[in-house]
Amino acid sequence: MNCQSKKMELLGSAPIPKALLAMGIPTMIGMLVNAFYNLVDAWFVGGLGERQMGAISVVYPLGQVVVGLGLLFGNGAASYISRLLGREDSENADKVASTALYGSVSIGTVIIIFSMVFLKPLLRLLGATDSILPYAAAYAGIYIVFCIFNVFNVTMNNIVTSEGAAKTTMIALLTGAILNIALDPLFIYVLELGVAGAAIATAISQVVSTCVYLTYILRKKSVFHFRVKDCTYTKEIMTEILKIGVPTLVFQILTSLSISLINNAAGDYGDSAIAGMGVVTRLISMGSLSVFGFIKGFQPIAGYSYGARKFDRLHEAIKTSILWSTIFCVIFGLVLVLFPAAIVSQFTKGDAEMIRIGAASLRANGITIMLFGFYTVYSSLFLALGKGRDGFFLGACRQGICFIPVILLLPAVWDLKGILYAQPIADILSGVITVCMAIPLHKRLKKML
């Protein structure tokens, strides 16, 4: 059996536990390490002071918006590709992959140029104070430019996973992450470049990850060919990409907006509050990205099974994914709940106020992150099945529909605690909505058996 046949066998007929492990674990490990090196970045920068820590916290959501373009095309294409492969339509799957890759890089370039032209106003909008702004500008001036490589990487991440090659994604993410961890202390402290050094280390790691994906393409390991002539911006292809990709991009924008709203609200309580909440954001992202990584393996299995009308297989994949992701979230959440102060203290020289604020928020978030696996399985499932409207709504709940009203209203009546508990409250509301949407979905799927 050749490599491509093995990929299709994994998506279509391998036992669900084996398929989820083969597809989900490599991507989960890759994204876990990717999130870990973001934490390491924060750990090294935290040694410079709370203003520098606040700077990378402010820049983080801007980078996420740029990367969201990769998700717009990559995740939108991945859902459609999985269903096309399930219907054995490899010709159109090839066109979709090429269209997504070149489209994301082209639009990403335009957005990055816009971001650099209006960099300082954007940083102020994202919560940079007068004392944080110089450090944020130094970091963003390098980090945002090299985000074009991350746009490419994120797009390829989704496309490669959709064809069953999750190990390649893991290798790309691991290689970049390990390199970034090694380069951080060199550029930040040995060469004394400060926050700019952290940005340079991240930029180099992104370029190396891109090289891994390019090697995969050039060695013809992929099911797809990624030829410019195969780019086909037809109504059918763009509709299928955008109906899944736009909800994913909106989700990414809402994630960035939620971080910005937290930064702006925390700014009233000083740089220590911004730094403390920035640490919490990265710690929670470590858990959530790990779950996203695992669910990236679930999505193509769900899409392929739905396209091939293998509904028993789809039900088993849903049930197993919920169980496994929830177990992970409970363990991760308990660690945050039991050791919040000890964890936050690793990211500061001894700022007591930063530790106090970060620990209180981390403890509350640790409790509600336990719901995240259940929520993410269903928000991803709707997109995998091509149900863009439902996926859009549910994906927008946690950090948009439920979060924004809470973060805008609660601090006015509960002061700092309103900021600390905004996300946990939004998590609970999102969990309730997920249950309400999951029940009718299962009723519809049951009728198809």
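The values are calculated or read from the model by the stated rules, or taken from the named source; none is laboratory data. The structure presented is a predicted model; accordingly, all values stated were derived computationally and were not measured. Because the Cβ atoms are built from the backbone with ideal geometry, glycine has one as well, and the counts that use them run over all protein chains shown. Areas reflect the complete protein model, heavy atoms only, side chains present, ligands, DNA and RNA absent. Shrake-Rupley method; radii C 1.70, N 1.55, O 1.52, S 1.80 Å.
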Extension gain (nm, one decimal) between ASP130 and LEU191, 0.36 nm per residue minus Cα-Cα
19.3 nm
For segment 174-206 and segment 83-124, compute the distance between their C-alpha centroids and round to whole Å.
26
Most fluctuating residue given options GLY388, GLY49, GLY350, as computed from a GNM of the chain linking Cα atoms under 10 Å:
GLY350
Highest-MSF residue in the chain out of VAL151, VAL279, VAL246 [GNM, Cα springs under 10 Å]
VAL246
Charge sum, other residues only, whose C-beta stays under 13 Å from ILE439's C-beta, Lys/Arg counted +1 and Asp/Glu -1:
+2
Let a ≥ b ≥ c be the square roots of the eigenvalues of the Cα gyration tensor of segment 105-199; is it rounded (a/c under 1.5), or, if not, prolate (a/b larger than b/c) or oblate?
oblate
Mind giving me the nanometre distance, one decimal, between the label points for GLU236 and ILE367, set 7 Å out from Cα along Cα→Cβ?
5.2
Using alpha-carbon positions, the gyration tensor of segment 326-449 gives root eigenvalues a ≥ b ≥ c; with a/c under 1.5 called rounded, otherwise prolate if a/b exceeds b/c, else oblate, the class is prolate
Roughly speaking, what is the centre-to-centre gap between segment 347-404 and segment 268-282 when only Cα atoms are used, to the nearest Å?
17
Kyte-Doolittle at least -1.0, axis length at least 24 Å by Cα - qualifying DSSP helices, the chain
16-46, 50-86, 90-117, 166-185, 194-218, 235-266, 271-307, 311-338, 352-368, 422-448
Carbon + sulfur, % of accessible area of the chain - ligands and nucleic acids excluded, 1.4 Å:
68
Calculated [θ] (222 nm, deg cm²/dmol) that DSSP helices of n ≥ 4 give over the chain, each run adding -39,500 (n - 2.57)
-28500 deg cm²/dmol
Restricting segment 226-260 to chymotrypsin sites (Phe, Trp or Tyr not before Pro) in coil, as DSSP defines it, with at most 15 other Cβ within 10 Å:
TYR233
Of MET286, TYR375, GLY194, which is farthest towards the positive pole of the chain's charge dipole, taken about the Cα centre with +1 and -1 on the beta-carbons of Lys, Arg and Asp, Glu respectively?
TYR375
Taking all protein chains together and a probe of 1.4 Å, list ARG219, ARG227, ARG313 from the most accessible to the least accessible.
ARG219, ARG227, ARG313
Would you mind classifying segment 1-131 by shape? Square roots of the alpha carbon gyration tensor eigenvalues, ordered a ≥ b ≥ c; an a/c under 1.5 is rounded, otherwise it is prolate if a/b is larger than b/c and oblate if not.
oblate
Please calculate the 1.4 Å probe accessible area of GLU316, with all protein chains present, and give it to the nearest 10 Å².
80
